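Okay, structure first, notes after.
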Amino acid sequence: MKSKLVQFIIAFVFSALSATAVADTLRLTSLHWPPYSGPDLPAQGASVAVARAAFEAMGHTLEVDFFPWSRAVALTKKGDTYIGYFPEYLFESAEFVFSDPLGTGPLGLVERSTDPIEWESPGDLEGYRLGVVQDYVNTERIDAMIESGDIETSTVTSDAQNVLKVAAGRIDVAVIDSNVFEYLIANNSQVSRVSNSVQMNDRLLVEKDLHIAFKNHSEGRKWQAIFDEGLKKIDVQGILEANM
C-alpha cells in the first residue's frame, strides 16, 4: 500500500514538473509606434505590455524585436525566428491569422488648424492630397481608393513625417491614430514645434482593434490560441491605461 502511494506521489510530481517544462519563449516583431510599442518606452509600450502579460499568464515569455514597419512584417514572413508581428489592424490574409483584440486605436485625420476639412464619407476625401505611411493598413475603403487611384496620396515611412508635411502645407491631411498624434505632440521635438499648426479632425475614420498577426500555420495557430486564452486572464484595459 505504501509502495503504491509513493509511486503515485512520484508520478504526480513528475507530471507537475513536466507541465512547467513546456514554458517557451516566443519572439515577435514590432515597430516604434508610441504609445503602443517602442524599445525605449516604459514596458516597451501599451500593446507590448498587454501581449507580455497575456503570454505570462499562460506560463510563457515574450521577447519583442523592433524594426521599421515594413521590415518587421517582412522578417515575420520569412524564416522561423518570428512567429508573428504586432500591433496590426485586421485585414483579409492567407498568410496570417489574427489574435483577439489587445486594445483599440482611434484612426482619424490630422489637418492644419487654419484649414480644417469637412467630410461625411471617405469618398469626400477625393479632392484632397492624403498622407499615408508605407505598408500601414488604413481603412478598407481608403485603401481601395488608393489602389484604384481615386485619391491622391503621399507615402512616407513615419507618422511624424506626415504631421510635419501637413503643417508645411505639402499635403492636406494625413491618416493617423489620435493617440499616436497626441504622443508625438508631447514628445517629438520637431512635431511639438508645429503643434499650433495642426490638429485632429473632429470626425474619426474608425475605431480599429489592434491584434497580433500570427503566421497561418500550425505553430502560429497554436500561439494564437494560447494568446487568446491568456487575454481572458488579465485586465487588458487596466494595463493599457497604466502604459498609455
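Every number here is computed from the coordinates shown, using simple stated rules; none is lab data. These numbers come from a predicted model, not from an experiment. Positions of Cβ are generated from backbone atoms using ideal geometry, with glycine treated the same way; all protein chains shown enter the neighbour counts.
Antiparallel as a % of all DSSP beta bridges within region 107-210, to the nearest 5? Mind dumping the intermediate values first?
On the way: 9 of 16 bridges.
Looking only at bridges with both residues in region 107-210, the antiparallel portion is about 55 percent.
Any idea what the dipole of region 21-138 comes to, in debye rounded to 20, about its Cα centre with Lys/Arg Cβ at +1 and Asp/Glu Cβ at -1? If you can, show how the numbers build up before the last one.
Working: 7 positive and 17 negative charges, 87 e Å.
For this selection, approximately 420 debye.
Might you report the magnitude of the Cβ-based charge dipole of the chain about its Cα centre, with Lys and Arg at +1 and Asp and Glu at -1, to the nearest 20 debye? Before the final figure, lay out the partial values.
Numbers: 20 positive and 34 negative charges, 262 e Å.
Dipole size: approximately 1260 debye.
Given the rule -39500 (n - 2.57) for each run of at least 4 DSSP H residues, summed and divided by the residues of the chain, what is its mean residue ellipticity at 222 nm, to the nearest 500 deg cm²/dmol?
On the way: 9 runs with 95 residues, N = 244.
Taken over the chain, the calculation gives -11500 deg cm²/dmol.
Using the Karplus equation 6.51 cos²θ - 1.76 cosθ + 1.60 (θ = phi - 60°), what ³J(HN,Hα) coupling, rounded to whole Hz, does each residue of region 233-239 give in order, writing x for Gly and Pro?
Calculated HN-Hα couplings, in order: 9, 10, 8, 4, 5, x, 5 Hz.
Among A94, A57, A213, determine the one that fluctuates most according to a GNM of the chain built with springs between C-alpha atoms less than 10 Å apart.
Comparing A94, A57, A213 in a Gaussian network model of the chain, the most mobile one is A94.
Which of the three applies to region 34-177, rounded, prolate or oblate, going by the alpha-carbon gyration tensor with a ≥ b ≥ c and a/c under 1.5 meaning rounded? Working shown, then result.
Working: a/c = 2.22, a/b = 1.82, b/c = 1.22.
It is prolate, given that a/c is not under 1.5 and a/b is the larger ratio.
For a Förster distance of 22 Å, can you work out the FRET efficiency between the beta-carbons of E241 and A57, rounded to the nearest 0.05?
Working: r = 18 Å, r/R0 = 0.82.
Using R0 = 22 Å, I get an efficiency of 0.75.
Please determine, in degrees from 0 to 90 and to the nearest 10, the orientation of helix 46-57 with respect to the longest principal axis defined by the Cα atoms of the chain, where the helix direction is its Cα long axis.
The angle comes out near 10 degrees.
Taking the Cα centroid of region 52-70 and of region 153-184, what is the distance between the two, rounded to the nearest whole Å?
First find each Cα centre; the distance between them is then 28 Å.
Answer rounded, prolate or oblate for the chain, using the Cα gyration tensor with square roots of eigenvalues a ≥ b ≥ c: rounded when a/c is under 1.5, else prolate when a/b is larger than b/c, else oblate. Don't skip to the answer; put the middle values down first.
On the way: a/c = 2.95, a/b = 2.35, b/c = 1.26.
The shape class here is prolate.
Please list 43-50, 181-188, 99-106 highest first by mean number of surrounding beta-carbon atoms within 10 Å per residue.
On the way: 43-50: 24.4, 181-188: 17.4, 99-106: 20.0.
Answer by packing, highest mean first, reads 43-50, 99-106, 181-188.
Rounded, prolate or oblate: which fits region 144-244, taking a ≥ b ≥ c as square roots of the Cα gyration tensor eigenvalues, rounded meaning a/c under 1.5, else prolate when a/b beats b/c?
Details: a/c = 2.74, a/b = 1.59, b/c = 1.73.
Oblate, since a/c reaches 1.5 and b/c is not below a/b.
So what's the net charge close to R129: Lys and Arg +1, Asp and Glu -1, counting the other residues with Cβ under 10 Å from its Cβ? Each step should come with its number before you reach the end.
On the way: positive: K165, R170; negative: E152, D172.
Value of the local net charge: 0.
As I understand it, the value is the acute angle between the Cα axis of helix 178-187 and the longest principal axis of the Cα atoms of the chain; what does it come to in degrees, rounded to 10?
Around 80 degrees separate the two axes.
Along each of its three principal axes, how wide is the spread of alpha-carbon positions in region 145-202, in whole angstrom units, largest first?
If we take the Cα atoms of region 145-202, the spans are 36, 24, 21 Å.
Mind jotting down the distance between the C-alpha centroids of region 93-111 and region 212-244, whole Å?
Each part's Cα centre sits 13 Å from the other's.
Take every DSSP beta bridge whose two residues both sit in the chain, then give the antiparallel share in percent to the nearest 5.
Working: 19 of 34 bridges.
Once the DSSP bridges in the chain are tallied, antiparallel ones form about 55 percent.
Do you know the relative contact order of the chain, to the nearest whole percent, from alpha carbon pairs under 8 angstrom that are 6+ apart?
Result for the chain is 30 percent.
Compare the peptides 224-233, 113-122 by average per-residue count of other Cβ atoms within 10 angstrom and give them in order, highest first. Can you show the working numbers first?
Numbers: 224-233: 17.4, 113-122: 12.1.
With the highest mean Cβ count within 10 Å placed first, the list reads 224-233, 113-122.
Hey, can you grab everything whose amide H is under 5 Å from the amide H of L109? Only 5+ residues off in sequence or another chain; H modelled, so Pro and N-termini drop out.
I176, N201, L205
Once the other residues with Cβ under 11 Å from the Cβ of W69 are scored (Lys, Arg +1; Asp, Glu -1), what is the net sum? The partial results should precede the final answer.
Numbers: positive: R71; negative: E88, D135, D159.
It works out to a net charge of -2.
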